[in-house]
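All of the numbers you see were taken from the coordinates with simple rules; none came from a lab. Just so it is clear, the structure is predicted and the values come from calculations on it, not from any experiment. Here the Cβ is made from the backbone with ideal geometry for all residues, glycine too, and neighbour counts use every protein chain on show.
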Amino acid sequence: MGETAASLRFDLAVIANAIADRPGLRALDIGCGDGALMAALRDDCGVDARGIEIDSGLVERCVARGLSVVQGDANTDLAEYPDKAFDYTILSQTLQTATRPDLILGELLRVGERAFVSFPNFAHWRTRAALMFGGRMPVTRALPVNWYATPNIHHVTIEDFRDLANEVGARIGRSWFFADERPISSAGANWRAEFAVFELSH
Amino acid sequence: MAEFSPSNLCNLPEPLVLDSGQVLSDVRIAYETYGELAPDKSNAILICHALTGDQYVASEHPLTGKPGWWERMVGPGKPIDTARHYVICANVIGSCMGSTGPASDGGDGKPYAMRFPVITIRDMVRGLIGLLDQLGIERLHAVVGGSMGGMQALSLAANWPDRASRVLVIASTARHSAQNIAFHEVGRQAIMADPAWGDGDYYARGETPANGLAVARMAAHITYLSEEGLTAKFGRRLQDRPDGTKGAISFGFDADFQVESYLRYQGSGFTRRFDANSYLYITRAMDYFDLAQEHGGKLANAFRESRDTRFCLVSFDTDWLYPTAESRHIVHALNATGSPVSFVELSAPNGHDSFLLPHRQLDSIVQGFLDG
């Protein structure tokens, strides 16, 4: 309880701040985890937040904090939501785990007027260096799990993401980049950023 | 069935106009309450019972002397906290624990028996709404139900959307499947095939169709358990013989296997507390239940006016009576209407009955949902 935007993970804090001044807005957090962002959106911003989460233990924690969360799979269950049911759909650090990121991206903007997508950038210099000099699949701070155990089955770079957005007809609005969990400028972001957050619309 | 006196009785001032078009007059609702009603009447939780349940959710059953059927969930400091909430649990019409049913006086000094009108889940809820009106409770903090209780909770939400702020539905469904109906039909046929049933007019004769009712209960009981649960509990283990022999088959038709003995015990115990005709009427009501069909064939239509109601659905992974897909079906309809809904499938070994058994995650969800 009492989750505030200030105590959120950096990418979630950016999303909470970006819609902080829009009470009554409807948001769907896909892969909402323990509901930290949803609770902050509800408590600090008056947002009507809903969630989807695949892990029953995490859904339990969300329900126990009074959030409306449905246990389900982002890969299949978005299809059950009507068009433009939400002002915002949110996909934080989940895109790279999706079976078909391209289809998910399309669904985000079918179900929501706008979408926030955050993901670890595979083209960060640390990842590039690990592959170039180590010759093995990188295990870094941003991507801490070995290739055989990682849930990240579709690694993506900032430039790849821009291309995909373009391909599915999504317009990129605001964007934020992070290294060492701190915001950095967009200059050379595909080298410098460990994580990126994009706002999308049609 | 023995005689008993329920503690609270409410006589509905108006007759109930039923889905069949028939009218049920002089309706009596037997109910129990726990906790204190707040002065503004905002803390009432209605718990709806299942097929063979009753109003004794958290107090001793007057016939069996057993604890309430959900005592682990309902009480002071428990997930449904009677220290803070006023909990109401009423016997549904058609049943046999004090509310008007087939064993009640049909107006001519004789029991209704099969003259009792066929009722639906919505008719049961009409009776419950009548009770809430008499108690002066306009809006429930929550309506809660498992199994058939969940059907009533859904029916209340769909047909009286302004009467509950929260709707908690556990191990339930929005419609009875062919398989559900099939199992119920086996039970009904077992009762009606018992010579003692005599077209349902057995009340004066003193002999009840206990054998048929016991078989109905045995068949139904299998559907409440999982194969995994049955195997763990009984396996192929044999019963000790009356002559003291252990672990030997009898080459006869006594209850050789422990699972047979268990079912027989469940069946015969049930006949001491339940009326066979009530079993016919209530199973019929469940079979008729199809919330979508009541609302133009589209389940989402049932929840068109429920946007201010919070829903929570819980299923169990080993429940093959009302499997997870049925709960998901309801969740999708609620998503389509934009109603706030939570859903979780819990892992539990005991099939449909899991909702009555200890489950830490269930407790946490129930408490969190009711407090949120």
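Only residues that are touching a residue at least 60 places away in the same chain (Cβ under 8 Å), surrounded by fewer than 19 Cβ atoms within 10 Å (Cβ to Cβ) and assigned to a helix (DSSP H, G or I) were counted in region B:258-286, giving 2. Looking at A:GLY66, A:GLY33, just one residue is in contact with a strand residue (DSSP E or B) (Cβ under 7 Å, 6 or more places away or on another chain) and either of a type in the set (S, T, N, Q) or part of a loop (DSSP other than H, G, I, E, B) (or both), and that residue is A:GLY33. All of A:ALA85, A:ALA115 fail the test of being within 14 Å of chain B (Cβ to nearest Cβ), of a type in the set (A, V, I, L, M) and either buried (at least 20 other Cβ atoms within 10 Å of the Cβ) or closer than 25 Å to B:HIS329 by Cβ (or both), apart from A:ALA85. Scanning region B:287-332 for residues that are in a strand (DSSP E or B) and either buried (at least 19 other Cβ atoms within 10 Å of the Cβ) or within 11 Å of chain A (Cβ to nearest Cβ) (or both) returns B:ARG310, B:PHE311, B:CYS312, B:LEU313, B:VAL314, B:SER315, B:PHE316. Which of the residues that make up region B:353-372 are part of a helix (DSSP H, G or I), within 11 Å of chain A (Cβ to nearest Cβ) and not hydroxyl-bearing (Ser, Thr, Tyr)? B:ARG360, B:GLN361, B:LEU362, B:ASP363, B:ILE365, B:VAL366, B:GLN367, B:GLY368, B:PHE369, B:LEU370, B:ASP371, listed by residue number.
For (1) among the aliphatic types (A, V, I, L, M); (2) in a helix (DSSP H, G or I), each residue gets a yes or a no:
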| residue | (1), (2) |
| --- | --- |
| B:GLY65 | no, no |
| B:GLY68 | no, no |
| B:ARG84 | no, no |
| B:ILE93 | yes, no |
| B:GLY98 | no, no |
| B:PRO102 | no, no |
| B:ILE129 | yes, yes |
| B:ILE137 | yes, no |
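Counting only strands (runs of 3 or more DSSP E) that sit completely within region A:86-202, those holding 3 or more residues that are under 14 Å from the mean Cα position of the chain (by Cα) and closer than 26 Å to A:MET38 by Cα correspond to A:86-92, A:112-120, A:171-179, A:195-201.
Taking helices (runs of 4 or more DSSP H) as the structural unit, those lying wholly within region B:143-237 and holding at least 3 residues that are within 17 Å of the chain's Cα centre (by Cα) correspond to B:148-159, B:178-193, B:210-224.
Within 29 Å of A:ASP77 (Cα to Cα) and of a type outside the set (Gly, Ala, Ser): which single residue out of A:VAL145, A:VAL139 fits that description? On inspection, the qualifying residue turns out to be A:VAL145.
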